[in-house]
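Structure record follows, encoded as structure tokens.
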Amino acid sequence: MPPLMQRPNPITLAILSFGALALVAVAPLTAVADQSCSSPTVPSLLPQTPSATKAKKPLGEKDVATGGNIDIEADHSVADVDGKKATFTGNVVIRQGDRQFKADQVDVDSHKNVKGQGGVDYTDPIVHILGAGGDYSPTGGADFKSAQFQLLQRPARGTAETMNLTPEGILNLKEVTFTTCPANDKSWILSADDIVLDTRAKIGEAHDAKIEFKGVPILYLPYLSFPLGDERKSGFLFPTIGDNSRSGVVLGVPYYWNIAPNMDFTAEPIEYSRRNIDLGGDFRYLEPGSKGELLWHYLPDDSVFGGSRSDVRLRNTAELADNLRFAVDAENVSDSQYFQDFSQGPEGTSTAFVERRATLSYRDDHWRIDGEAQQYQTIDNTLSEINRPYARAPSLSASNDNSWGPGGLVHYGFDSEFTDFDRDLANIGNCTAPAGFISPCVTGWRMDIAPTASLNFIGPGYFVRPSVTYSATQYELNNTQLGENKSPSRTVPIASLDTGLQFERDMGSAANRKLTLEPRLLYLYTPYRNQNDLPVFDTALPDLVPVELFRNNRYVGYDRVSDADQVAMGVTSRLLDGHDGRQFLAVTIGQIYYFETPRVTLPYEVPQTSTHSDFVTQLEINAFKNWNSNLGLQWNPQASQVERADVNIQYKPAADKVINVAYRFERGTIHPASQCNIEDANATGATATALTAAEYSQAGICGFEQVEVSGAWPIAGHWNAFAREVYSLQDKQPLESFAGFEYGSCCWRVRFGARRYISRRPLTPQSTETGPQDLGAWLQLELMGLASVGSASDTFLIDEIRGYTPSDANSQKLFQRATSPP
């Protein structure tokens, strides 16, 4: 089954979650029990001593319906003189194909019907049955009384007062108990008046079903349908029940429709006692050349909000002919408070924008062409219009890359873009720009083309790449102020020389290690061009990391090309395994030296005054067993201070044993105050917009200093503990905390956890404090091989604890949207 169409089987239960709604993901019915536990087996009721000399008698010709002749083995046999009946006694074994029937005594009539006396034992590839007595017919199946059964293709067993097995592989059971626990373990039991197991269609149905855990009834269902394998099937999922401080009691009754092998739909109605009903759904499809998903939630009348609420997202990718691809990823929400009301955790609080994008692209060995329409819906209304990203509709980009000569000595090609930037100007407010800069309220077209040519000299241990680029940019602007140029332009040549060496030597007493030294140097020259009359549509100054040292423009985006007369120098050293190349340690350090300080700036960017950039370094250590660490550091030698630091240390002796310690720091830089609390502003380009004088007067010094500790660890016996804490040293308060424990046995597992997290954005853009916090708790009970009661905590722990993997590794995300467990 392709990954898109994988869907957990429709067996799910739920339990109350305090403080936030928990949407439920399920453990498949076919989940495998803990391999450290013995499989549930049926104790034998028959003699275990080997038999004496056997009397063997074949009966009848090949039966097409049942798969072959019948062979009988027994210690003794007696037949009537007319041949209409025969009795076999003493370790009787009847075989027909891959079916086997054992009994103390067996009567066989002329129609090959078998009647067993005393304990009977029946086995086929699907089921093993023991009964106090039973009948078997090659054409009519088998009947058993006071039977015990075991499903051989999955760890499951049970008992039935009566049992009928048809030749088609259908088990009809009366007064049934069912469990996946080992023998003599009754931790959980499903009992029902009757159960029908269709072993060929792999579907089970139960009537008047009751589930008991530790002798306590936890669920009653008049009807239950469940799969016996991994195949998807239509049917109701178990209801979800929750409690939310803002939404009240929550009840969901999902229905799963397996439309086709490549198509399915899940209806997800959710009733909120305070808000009314949410009519949600999830439609997915997978074709040979395309795949897609449509998810939605719709509340026609939210009593708390006072109107309708909705969230709709469409994702589609289609592979077309002639190397063409069409992709859509678009989302729309009804209001700015939607994610704060219906998601759990800081991810909802920090959602500033949702994107709508459609792209038609072409790829081959030399060409890359993209036609695109892109727009953002602003969720954070504290952002002023001036700081919201532009729509790019349309945008056309094309690039070409070719090589010529021996070993691709000459490289040549170009990059180009033609884009219309637009946004709503109705509420734009103050369009005043800093002195000498163009108004930030302009919209319009930007055309850019940058042909380039380079030489690529490469050999053992070295490379030399001289390169020249000519960048030409033209604007056609609207909404300009008096005296501003409507068609500003810029042309600038760029020349660079990139070269590097690689040395290596053997290390260790047995020369089983390799140490490398890889110095690199990039000289860059770009003449100065005054660009203050150019708008800033999507250009920003990225964080300074080692890879940024070796770019030919210190800005991201085409609105600014920085002047440069500089050399970037860096060196990397690695310690490698001499046999397989596995990396134990890698360290990189670098800096830029300016022969002439850059003069090009963004509005309100602090100009560079030093003759060199900050030092940047990156360190990765995997030298010690079970330990790994990463360090990123930006050091300002002029001020003798750290500007940015990111440290991560992990100890992981096993997949479900992990401890993480992290420290993150960024010194405050000037941004609009409305962006100080947006975690993903850089991803949307929001920080690239210019500031008005009014915005600048309200700008804040944004920065952060945080520590994080997280881990999951077995503590004793079957007990595991997990926890995470993210603490803001700057705000002197936790941003997110959770802790919990887990107890697991062979056939069941229980988890409990509590979580405190930021649930609201600050009410004003000037606020630098974190928003209010909610406290939530969840409880999850897993009955191995049947279902889960509670939230998808496995998925939640995987997301929140870096490097953690559950021991059974069978967690799946059923609800792929902004919502998550509390």
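The values are calculated or read from the model by the stated rules, or taken from the named source; none is laboratory data. Quick caveat, the model's predicted, so the values are computed rather than measured. Cβ sites come from the backbone with ideal geometry, for glycine too, and all protein chains shown count toward neighbours. With ligands, DNA and RNA removed, areas are computed over all heavy atoms of the protein, side chains included. Shrake-Rupley method; radii C 1.70, N 1.55, O 1.52, S 1.80 Å.
Okay, here's what the table says:
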quantity: Within the range 595-604, considering residues that are at negative phi and crowded, with 17+ Cβ neighbours inside 10 Å, the one modelled with the lowest pLDDT; calculated: Pro603
quantity: Top-ranked residue in the range 727-746 [being closer than 15 Å to Ala662 by Cα and out of contact with any Lys or Arg (no Cβ under 9 Å at 6 or more places or on another chain); ranked as least open to solvent (accessible area, probe 1.4 Å)]; calculated: Ser728
quantity: Residues located in the range 363-382, provided they are open to solvent by 40 Å² or more (accessible area, probe 1.4 Å) and in contact (Cβ under 8 Å) with a residue 40 or more places away in the chain; calculated: Arg363, Asp364, His366, Tyr376, Asn381
quantity: Candidates Gln566, Gln531, filtered to the one that is modelled with pLDDT of 95 or more and either over 29 Å from Val587 (Cα atoms) or not in a loop (DSSP other than H, G, I, E, B) (or both); calculated: Gln566
quantity: Pick from the range 622-641, criterion open to solvent by less than 40 Å² (accessible area, probe 1.4 Å) and within 35 Å of the chain's Cα centre (by Cα), ranking: farthest from Thr588 (Cα to Cα); calculated: Asn628
quantity: Identity of the residue in the range 159-178, of a type in the set (Val, Ile, Thr) and closer than 15 Å to His128 by Cα, that ends up surrounded by the fewest Cβ atoms within 10 Å (Cβ to Cβ); calculated: Thr166
quantity: Odd one out for Tyr528 among (1) in contact with a Phe, Trp or Tyr (Cβ under 7 Å, 6 or more places away or on another chain); (2) under 24 Å from Asp448 (Cα atoms); (3) touching a residue at least 60 places away in the same chain (Cβ under 8 Å); calculated: (1)
quantity: Residue match in the range 331-340 (condition: open to solvent by less than 30 Å² (accessible area, probe 1.4 Å) and free of Cβ contacts under 8 Å to residues at least 40 places away in the same chain); calculated: yes
quantity: Residue satisfying all of: in the range 493-537; within 18 Å of Arg574 (Cα to Cα) and of a type in the set (D, E, K, R); most open to solvent (accessible area, probe 1.4 Å) among these; calculated: Arg505
quantity: Answer residue from the range 479-492, given it is modelled with pLDDT under 90 and not charged (D, E, K, R) and is least open to solvent (accessible area, probe 1.4 Å) among those; calculated: Thr480
quantity: Ala540 being touching a residue at least 40 places away in the same chain (Cβ under 8 Å), within 25 Å of Leu633 (Cα to Cα) and under 32 Å from the mean Cα position of the chain (by Cα); calculated: yes
quantity: Filter pass, Val547 being surrounded by fewer than 16 Cβ atoms within 10 Å (Cβ to Cβ) and β-branched (Val, Ile, Thr); calculated: yes
quantity: Looking only at the range 242-257, and only at residues there that are modelled with pLDDT under 70 and surrounded by 20 or more Cβ atoms within 10 Å (Cβ to Cβ), the one that is farthest from Asp301 (Cα to Cα); calculated: Gly242
quantity: Qualifying residue in the range 550-573 (condition: under 32 Å from the mean Cα position of the chain (by Cα) and crowded, with 19+ Cβ neighbours inside 10 Å); calculated: yes
quantity: Unique residue being in contact with a Phe, Trp or Tyr (Cβ under 8 Å, 6 or more places away or on another chain) and either at pLDDT below 90 or not basic (Lys, Arg) (or both) when the list is Ala673, Ala655, Ala716; calculated: Ala655
quantity: Checklist (1) under 22 Å from the mean Cα position of the chain (by Cα); (2) modelled with pLDDT under 80 applied to Ser710, failing item; calculated: (2)
quantity: Members of the range 419-470 found to be in contact with a strand residue (DSSP E or B) (Cβ under 6 Å, 6 or more places away or on another chain), over 22 Å from Thr526 (Cα atoms), of a type in the set (Val, Ile, Thr) and part of a strand (DSSP E or B), listed by number; calculated: Thr419, Thr443
quantity: Residue tally, condition open to solvent by 50 Å² or more (accessible area, probe 1.4 Å) and not in a loop (DSSP other than H, G, I, E, B), over the range 576-586; calculated: 2
